[in-house]
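A short worksheet on the structure shown next.
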Amino acid sequence: MAIRKAAKRSGAGGVGPRKASSSKASSSKASSTKAPSTKAPSREVFRLSRSPSHLLRRAEQFAAELFARSELHDGVTLRQTVLLAAIAEAEGASQSDLVRTTGVDRSTLAEMMARMEKRGLIARAAAADDGRAKSVRLTADGRRRLAAVLPAIRNVDRSLLAALPAAKRTAFQAILAELADAADEKMSDEAPVKRARPKPPASGKRPSAKR
């Protein structure tokens with residue numbers, strides 16, 4: 001009897017580890033065949049309050065609103081004032097030069113200049129170095145209108161800077177200047193290169209094609 005009991009005990013002890021190892025194998029197999037996670041990756045939420053382009057647009061709207069509220073603009077818009085000031089800084093500048101200086105696109109600038117020329121604020125003539133280009137200058141009435149509207153521009157500038165802490169105003173102006181320089185550089189890189197047309201021969205005859 002004692003021998004049979006010992007055999008039973010030894011047999012039970014031998015079966016136990018095999019069952020444990022088989023259970024571990026089944027659990028590892030189940031874990032390996034587990035379906036992959038379908039959780040979507042987290043995406044950063046777009047916030048207008050952190051968008052530089054949107055914030056610059058808001059700041060531009062703020063400046064335009066301050067200018068419109070001023071009683072000193074004498075019917076001249078903020079863009080027209082900027083154009084008058086740009087012409088005053090560089091008398092005889094071409095329209096292409098004014099596009100780069102003001103940041104106004106070419107078609108809009110042409111329309112503005114046509115209206116301002118009709119009102120007698122500016123005068124255009126063929127450029128001395130390029131007959132196809134137009135040089136622009138202020139008329140006497142244009143100079144008087146610019147002098148009358150400059151106080152409004154100065155008030156807008158003071159109001160914009162007053163919205164910032166004094167310690168940040170210089171840095172703010174420096175950052176705006178860097179952005180303007182970057183815009184000028186991009187525009188100059190994207191400007192089309194004018195190719196010189198070949199001059200006709202002196203005799204007026206076309207050169208014969210080489211065979």
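Readers should treat all values here as calculations from the given coordinates under stated rules, not as data from a laboratory. Since the structure is predicted, the reported quantities are computational estimates derived from the model, not experimental observations.
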Aspartates and glutamates within cross-link reach of LYS134: Cα-Cα under 19 Å, excluding same-chain residues under 8 positions apart? GLU89, GLU91, ASP97, ASP105, GLU111, GLU117
Taking every C-alpha to C-alpha distance in the stretch 50-188 and binning by 10 Å from 0, the per-bin percentages run 11, 36, 36, 15, 2
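Can you pull a Stokes-Einstein diffusion coefficient for the stretch 76-121 at 37 °C (0.692 mPa s), Rh from Kirkwood over Cα pairs, as a whole number of µm²/s?
314 µm²/s
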